[in-house]
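S.K.: What follows is a single structure, and I will ask about it in a moment.
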Amino acid sequence: MPRIVFDKVEKSFGSVNVLPPLDLTFETGEFTVLVGPSGCGKSTTLRILAGLETVSGGEIYFDDRPISKLEPKQRDIAMVFQDYALYPHMNIAQNMSFALRLGKRPKSEITAKVNEVAETLNIRHLLDRKPAELSGGQRQRVAMGRALTRDASTFLFDEPLSNLDAKLRAKMRTELAEMREALDKNMVYVTHDQVEAMTLGERIVVMKDGVVQQQGSPEELFKRPVNMFVAGFLGSPTTNFIAGHLTEADGALRVQGTGFDLPLAPELAARVRDRSDGLRDVVVGIRPSSIGLEPTGAQLELTTKVSEYLGSQSVLVTHCGDQEILVELESSDRIQTGSTLSYGVNLSELMLFDPKTEQRI
Amino acid sequence: MTTARANRFTPYLFLAPAALILAVALMYPIGYMVYASFLDWNPSQTIGEAEWVGLRNYVNLWSDAAFLESLGVTLSFTAVVVVIEMILGVGLALLLDRELRGMAVLRTLFILPMMIAPIVVGLMWRYMYHPTVGIFNRTLKSLGFEPIPWLSDGSWAFASVVIADVWQWTPFIFILSLAALQSMPRSALEAARIDGATGWQITLFIKLPLMMPVLIVTALLRLIDSFKVLEVILVLTNGGPGLSTEIMSLRISRTASEFRELGVAAAMSNYLLILLMLITMAMFTYTKIQERRTAAQRAASEEA
């Protein structure tokens, strides 16, 4: 299992620059999720790693071996595609064994391997069928099986769950998580779905316009996003961003805006003071889950417009002055639509951003 | 009549003109031909004066050496051109299925021969095959080779008409193959690359099998067409020298006009018609089997 290093990898399609020089490292045996909105270059990164696209500049190393000129077959990778990419004219067993048959492995070994993988994925009874005779979920499993049969060192997943319905997707997500534990392989997983990224990734790489915004564990990214993009992209419902300005009263820093006036937690206040640029205007970021009914000493007056019942949780769409704020509450806390209540904000989770650079303070 | 009943008849009303034209322009001549094939009929007689001979025309044809020769020529011509055209057409499509500069122009150029009227193609090739002033023999001569009797030697004449037909109809297979290639799921080809298949292996194990349904129908269409070929050969060799390039349609036309045996010509036409119907039915059966298989697979996937 190699350690994979992207060294200033660039990619342009004609005059369109998809990846500006990209530096990225995938540690041995790590499950890395590349996540970002469509067009952020995550799929291109994966396809370059697979060898399906050439690089326009830079080099990729597997350990110390440069591989950017190698054909996909020389890279020891397996890949699961978004549309499964099964061979329509072959039955499932033939689909799964294609690579081994090309590799001229002995027949008994091929049969044994296919059966073993089919057993673990629970698709043994499908081996004689053609892909067209399978449901979406089964095809997905076969695509996974085809990759597993290869026994490659690195597994690449290109949005493998996005063609499945919500229920099946959740199920396959769990199975993937199990697979991640069971297999000691490099895995690179591309998705635009932040839930998949958070639940599957040991390490998440958030990309936007070909640039890595932040990488780290799901918790790190959720709790300490570096900028507004990451804060807004990860977490559901999405983070509230409100315009505010900093004031100082009795030696304590506060952030004020239309309809709110909140004190800053001491660490945050210290970080603000450390800045030398005398920043006054800021963007306040509050996660919907950081707002609750319990008083915290930092209160917000919010008028509920809509209450979305989601089962155990409810999401309130509220207004604070003229700005919309989402609040996530236990469903047992019934809030009347139209009512104005005082909510407590968990100050330690409050984030401030520089409106010009969008970086977190 | 109620509106509902009137509505039920409307489609038939709209179909009636087409049905009438078909009956007059297609069914009547075919019926006429089938009837004529049972007659000993000379063009100077009206059809009513012709003598009824039953199946004699059909039976006699099997001992008619010239007919058998012509049948043989037709079968070998068809087999040779379809095989060559399939190989060239599919090969070209595989080569040209890529993004290169000027590919659009190239593709248009490739399908140009198909757009030229067969008579013109025949004339064009006749000039090129001309023993003294034709471009082939002039080129051969200037390179110091012996001129080739393109149209005056039996075997060469057969080769010459094959070349002209291949030149004209390879593009047909080329465009259909290209369309099949371009509608192929790209990701399956990429998956094959990841699975370690070389370019040849992808062609052999993925592309060709996936193209097969289109290729089979294309081959059957070409088969039907090449059985009916007439103009190019008529202009190039008129069936000669000897009977070396006399395909069925030429034989039929000569039997009717030169030998003045309308009944025999009709019987020959019917043999050709039966042959073509068999191929057409094979094609329809094949498409139907394909459709049924797809439907069964769809049903299975919905059940799964």
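S.K.: Mind checking which residues of segment B:217-248 are closer than 12 Å to B:Leu75 by Cα and not β-branched (Val, Ile, Thr)?
M.R.: The first filter runs over segment B:217-248 and keeps only residues closer than 12 Å to B:Leu75 by Cα, leaving B:223-224, B:226-229, B:245-248.
Within segment B:217-248, B:Leu223, B:Ser226, B:Phe227, B:Lys228, B:Glu246, B:Met248 meet the criteria.
S.K.: A further question on this structure: Go through segment A:114-129 and count every residue that is open to solvent by 40 Å² or more (accessible area, probe 1.4 Å), in a helix (DSSP H, G or I) and within 14 Å of chain B (Cβ to nearest Cβ).
M.R.: The qualifying residues number 1.
S.K.: Return the residues of segment B:217-229 that are in a loop (DSSP other than H, G, I, E, B) and either of a type in the set (D, E, K, R) or free of Cβ contacts under 8 Å to residues at least 24 places away in the same chain (or both); say none if nothing qualifies.
M.R.: B:Lys228
S.K.: Return the residue satisfying two criteria in turn: it lies in segment A:55-72 and is open to solvent by 50 Å² or more (accessible area, probe 1.4 Å) and over 25 Å from the mean Cα position of the chain (by Cα), and of such residues it is farthest from the other protein chains (Cβ to nearest Cβ).
M.R.: By that ranking, first place goes to A:Asp64.
S.K.: Take the residues in segment B:175-198 that are part of a helix (DSSP H, G or I), more than 8 Å from chain A (Cβ to nearest Cβ) and of a type outside the set (A, V, I, L, M, F, W, C); name whichever of them is least open to solvent (accessible area, probe 1.4 Å). Outline the logic, then answer.
M.R.: Just the residues of segment B:175-198 that are part of a helix (DSSP H, G or I), to begin with: B:175-182, B:186-194.
Subsequent filtering for residues that are more than 8 Å from chain A (Cβ to nearest Cβ) retains B:175-182, B:186, B:189.
Then keep just the ones that are of a type outside the set (A, V, I, L, M, F, W, C); that gives B:177, B:182, B:186.
Details: B:Ser177: 1, B:Gln182: 86, B:Arg186: 118 Å².
For segment B:175-198, the residue satisfying everything is B:Ser177.
S.K.: Filter segment B:203-213 down to residues that are closer than 13 Å to B:Leu94 by Cβ and either within 26 Å of the chain's Cα centre (by Cα) or surrounded by fewer than 20 Cβ atoms within 10 Å (Cβ to Cβ) (or both) and give me whichever is farthest from the other protein chains (Cβ to nearest Cβ).
M.R.: Across segment B:203-213, the extreme among qualifying residues is B:Thr203.
S.K.: Considering segment B:35-59 alone, what residues qualify as being part of a helix (DSSP H, G or I) and either open to solvent by 80 Å² or more (accessible area, probe 1.4 Å) or without any contact (Cβ under 8 Å) to a residue 24 or more places away in the chain (or both)?
M.R.: B:Tyr35, B:Arg56, B:Val59
S.K.: May I ask you to list the residues in segment A:73-92 that are open to solvent by 30 Å² or more (accessible area, probe 1.4 Å) and not in a loop (DSSP other than H, G, I, E, B)?
M.R.: A:Lys73, A:Gln74
S.K.: Given the structure, is A:Ala50 within 14 Å of chain B (Cβ to nearest Cβ) and in contact with a strand residue (DSSP E or B) (Cβ under 8 Å, 6 or more places away or on another chain)?
M.R.: Here the answer is yes, as A:Ala50 does meet what is asked.
S.K.: Looking at B:Ala157, B:Ala188 in this structure, which one is of a type outside the set (Ser, Thr, Tyr) and either modelled with pLDDT of 90 or more or in contact with a Cys (Cβ under 8 Å, 6 or more places away or on another chain) (or both)?
M.R.: One residue alone meets the criteria, B:Ala188.
The values are calculated or read from the model by the stated rules, or taken from the named source; none is laboratory data. Remember, it's a predicted structure, so these values are computed and weren't measured experimentally. Backbone-built Cβ (ideal geometry, glycine too); neighbour counts: all protein chains shown. Heavy atoms of the whole protein, side chains included, go into the accessibility calculation; ligands, DNA and RNA do not. Shrake-Rupley method; radii C 1.70, N 1.55, O 1.52, S 1.80 Å.
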